[in-house]
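Working notes, structure below.
The values are calculated or read from the model by the stated rules, or taken from the named source; none is laboratory data. Treat the numbers as computed from the prediction; the structure is a model and nothing was measured. Cβ placement follows ideal geometry from the backbone for every residue including glycine, while neighbour counts extend to all protein chains displayed. These accessible areas exclude ligands, DNA and RNA; they are computed on the full protein's heavy atoms, side chains included. Shrake-Rupley method; radii C 1.70, N 1.55, O 1.52, S 1.80 Å.
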Amino acid sequence: MENFEPVIVAFCCHYCAYTAADMAGSQRLPYPANVKIIRVPCSGKVDALHIVKAFEKGADGVYVAGCLEGDCHFKSGNTRAGRRVAYVKKYLEEIGIESERLEMVTMSAGMGYRFAQTATEITEKIRKLGPSPIKTALAL
Amino acid sequence: MKTESRLEKVLAAGHLAVTSECGPPRGCQPAHLIEKAKYLDGIVDAVNVTDNQTAMVRMSSLAASFIIKQQGLNPLFQVTCRDRNRLAMQADIIGAYSMGIDTMLCLSGDHTKFGDHPMAMNVHDIDSIQMIQMVKDMRDKGIFQGGAEIKGAPKMFIGAAANPFADPFELRVMRLAKKIAAGADFIQTQCIFNVPKFEKWMEGVREKGLHKKCYILAGVTPCKSLGAAKYMANRVPGMDVPKEIVDRMASVPKEKQAEEGVTICVETIEKLKKIEGVSGIHIMAIEWEEKVQEICERAGLLPRPQV
Amino acid sequence: MITAERKPLEELIEYIKPFKRILLLGCNECVTVCAAGGRKEVGLLASGLQMAMLKNGSNIDIRQHTLERQCDPEYVEELVPMLDGAEAIMSMACGCGVQQLAMRFKDKPVFPAVNTKFMGASERQGVWAERCQGCGNCLLGMTGGICPIARCAKQLMNGPCGGSTGGHCEISEEVDCAWQLIWDRLKALGQTDMYLENIPAKDWRPGGGSGPRKIIREDLAE
């Protein structure tokens, strides 16, 4: 376990969070390589099944990154994503996976620093939580 | 006269009738029931015996009515649509009448949600208006609801409830008309605290001449305390306790509140007596039966007429 | 539609614990519309069950499939080739679908994955409300198109009880008083006279009072 490097899947909306990731890159702001970014047209596009499948495949943490409240390119995709994340959190608890492993975050396209900071914070949180129980079971 | 009911006799003779109520105990405590009923002996013309009131299980209204009858009082057997289907209702009505119980009240019943068995199924095979019709047909046509002949029909004096304070208000007089059309002989109303609103409802009743087709007994309740007044004002669905009443209860010290509650009740009765079409007073002193005599005395309702 | 909600995972795990290979079946009809047992929910449940079992140290092979309709034998027949090797079936359809499967596949245990709730309609996205109890003798024509049997907590057929307050039912502020709705409709339609008519005691036989119900259309039945 001392060499545990969490695998974190970040579903990033094309208009805000993904652009913020680009910004972080161009500003040469470091963020952990543990975060695997999946670009989605809108955070509202992320289905419960995508999140659950990520855990099933062994992800230690997942987060959905959408636009700031009121700024969704598709009006309300981010608020829907927020409700969906809350719903999946409950489902994860039922399955026996700590719901803290899943988060909803928001940022604007210009927030390169926020993107890097969020990626770092979530990676550290998941590192403290340890490997997901599914990953552990898969390894056995 | 349709029945042998003492309540009917009192009303038919043109007296202002007085009824009160007695809730059966939550257990096999006939002595407790008798003790409560004694407070009402000679004070009222009939005693309502509630049927699992507030959807809490109690001694059956049929058994409690019989016990009260044995004490020489006149029970007013309450039956709700919540707990029995039409078979059980008719069986109990025949049973009640066979034991000399000749006055009853047909009710929908409080929803089980409010009681101690919220997990129970609500029956509602028929509604209160359909029950009134059923009891009337049992009495006047001598037939069961299913159509078969009854050998020895129960001659019930049929009561129903009315709540002038529930919504939609404009429909409340019409609903009374429906109950009368179904066969209600008398009506007992929800507790009246808002007399002007009750007067408005009575105006509608008189416009349609309904007070001539059935006896209307106006319901009152003495507040035991400020807490009780507030509870009725805020927590009991379909109750209208105006702010003035709550404020008046709050204006006296705690130890004087019970007395104030009785005074308000007496004053209310005085007002109700003057309203054209009111044939009687129904005093619901919940778990406070010992106060009924005082209320009746102060409101000039005693002695009760001999009929 | 017939509405349903998924059962708790814990209960479902108890059902499938003894098996190594199961078939998880969705239905494309009502339960898809109310997001309880369609293709997507089958995927979610399969994934969740698999993870929960894995966590408990056991493996289960869950095959997924969603039928056009589980309550019709023609569609159920499609499953025959898929059942090879499956020890049990778990159905996300309503109780009708579950029973159709149980009747057809006599040697396989069939478990319900959802609790079938009521016949309802969508009030808005994600909200379904009860509208019909299948009483078998519709009286909507007399009640302004609003059903007092399905929507009044006391099934009152002749008007509101004394607990109707400000348009809501005595049981909850979240529940509309059906009779307030009926009254408002009758007024809007100029049909308030209809309220004055006493609706007689209902014959519950068409509503299930005479035992399980069946419809036979002579011209269609074979």
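Miscellaneous remarks
- Checking A:Thr106, A:Thr118, A:Thr79 one by one, the residue that is open to solvent by 10 Å² or more (accessible area, probe 1.4 Å) and within 14 Å of chain C (Cβ to nearest Cβ) is A:Thr79 and no other.
- Within the stretch B:18-49, considering residues that are β-branched (Val, Ile, Thr) and surrounded by fewer than 24 Cβ atoms within 10 Å (Cβ to Cβ), the one nearest to B:Thr80 (Cα to Cα): B:Ile34
- Answer residue from the stretch A:20-71, given it is part of a strand (DSSP E or B) and open to solvent by 40 Å² or more (accessible area, probe 1.4 Å) and is nearest to A:Pro6 (Cα to Cα) among those: A:Lys36
- Cβ-Cβ contacts under 8 Å between residues 6 or more apart (or on different chains), taken from a first residue in the stretch C:80-93 that is over 14 Å from C:Phe19 (Cα atoms) to a second residue that is open to solvent by less than 40 Å² (accessible area, probe 1.4 Å) and among the acidic types (Asp, Glu), are listed as C:Met92/C:Glu41.
- Restricting attention to the stretch C:71-100, the residues being in contact with a Leu (Cβ under 8 Å, 6 or more places away or on another chain) and open to solvent by 10 Å² or more (accessible area, probe 1.4 Å) number 4.
- Helices (runs of 4 or more DSSP H) contained entirely in the stretch B:199-307, each with at least 2 residues that are under 23 Å from B:Leu7 (Cβ atoms) and open to solvent by 40 Å² or more (accessible area, probe 1.4 Å): B:210-213, B:257-273, B:292-298
- Condition met for A:Glu5 (closer than 29 Å to C:Met53 by Cα, open to solvent by 90 Å² or more (accessible area, probe 1.4 Å) and of a type in the set (Asp, Glu)): yes
- Checked across the stretch C:118-129, the condition of being over 30 Å from C:Gln191 (Cβ atoms) and either open to solvent by 20 Å² or more (accessible area, probe 1.4 Å) or of a type in the set (Val, Ile, Thr) (or both) holds for at least one residue.
- Residue list for the stretch C:193-207, filter: facing chain B (nearest Cβ under 8 Å) and exposed (fewer than 15 other Cβ atoms within 10 Å of the Cβ): C:Leu196
- With respect to the conditions (1) in a loop (DSSP other than H, G, I, E, B); (2) within 10 Å of chain B (Cβ to nearest Cβ); (3) open to solvent by less than 60 Å² (accessible area, probe 1.4 Å), C:Ile182 lacks only one, and its number is (1).
- C:Trp179 without any contact (Cβ under 8 Å) to a residue 60 or more places away in the chain, aromatic (Phe, Trp, Tyr) and closer than 24 Å to B:Ala55 by Cβ: yes
- Filter result (in a loop (DSSP other than H, G, I, E, B) and either over 16 Å from C:Asn158 (Cβ atoms) or more than 14 Å from chain C (Cβ to nearest Cβ) (or both)) within the stretch B:171-198: B:Asp185, B:Ile192, B:Phe193, B:Asn194
- Counted residues, the stretch B:85-110 - those being open to solvent by 20 Å² or more (accessible area, probe 1.4 Å) and within 25 Å of C:Gly159 (Cβ to Cβ): 7
- Yes/no for B:Lys113 being outside any loop (DSSP other than H, G, I, E, B), out of contact with any strand residue (DSSP E or B) (no Cβ under 7 Å at 6 or more places or on another chain), within 11 Å of another protein chain (Cβ to nearest Cβ) and open to solvent by less than 10 Å² (accessible area, probe 1.4 Å): no
- Scanning the stretch C:153-166 turns up no residue that is loosely packed, with under 15 Cβ neighbours inside 10 Å and touching a helix residue (DSSP H, G or I) at 6+ places or on another chain (Cβ under 8 Å).
- Scanning the stretch C:62-80 for residues that are away from chain A (no Cβ under 14 Å) and under 23 Å from C:Ser47 (Cα atoms) yields C:Arg63, C:His65, C:Leu67, C:Glu68, C:Arg69, C:Gln70, C:Leu79.
- Inspection of the stretch B:218-231 identifies no residue that is aliphatic (A, V, I, L, M), free of Cβ contacts under 8 Å to residues at least 60 places away in the same chain and within 11 Å of chain C (Cβ to nearest Cβ).
- Counted residues, the stretch B:4-24 - those being touching a residue at least 60 places away in the same chain (Cβ under 8 Å) and part of a helix (DSSP H, G or I): 6
- Checking A:Ala86 against (1) crowded, with 22+ Cβ neighbours inside 10 Å; (2) part of a helix (DSSP H, G or I), the condition it does not meet: (1)
- Unique residue being buried (at least 20 other Cβ atoms within 10 Å of the Cβ) and either away from chain C (no Cβ under 12 Å) or not β-branched (Val, Ile, Thr) (or both) when the list is B:Gln70, B:Gln130: B:Gln130
- Residue ranges of helices (runs of 4 or more DSSP H) in the stretch C:1-59 with at least 1 members surrounded by fewer than 23 Cβ atoms within 10 Å (Cβ to Cβ) and within 9 Å of chain A (Cβ to nearest Cβ): C:9-16, C:39-55
- From the options B:Lys230, B:Lys291, B:Lys213, B:Lys224, residue that is over 23 Å from B:Thr54 (Cβ atoms) and not hydroxyl-bearing (Ser, Thr, Tyr): B:Lys213
- Among the conditions (1) modelled with pLDDT under 95; (2) in contact with a Ser or Thr (Cβ under 7 Å, 6 or more places away or on another chain), A:Val52 misses just one, which is (1).
- Note on the stretch B:133-170: residues that are open to solvent by less than 10 Å² (accessible area, probe 1.4 Å), at the interface with chain C (Cβ under 8 Å from one of its Cβ atoms) and not in a loop (DSSP other than H, G, I, E, B) total 1.
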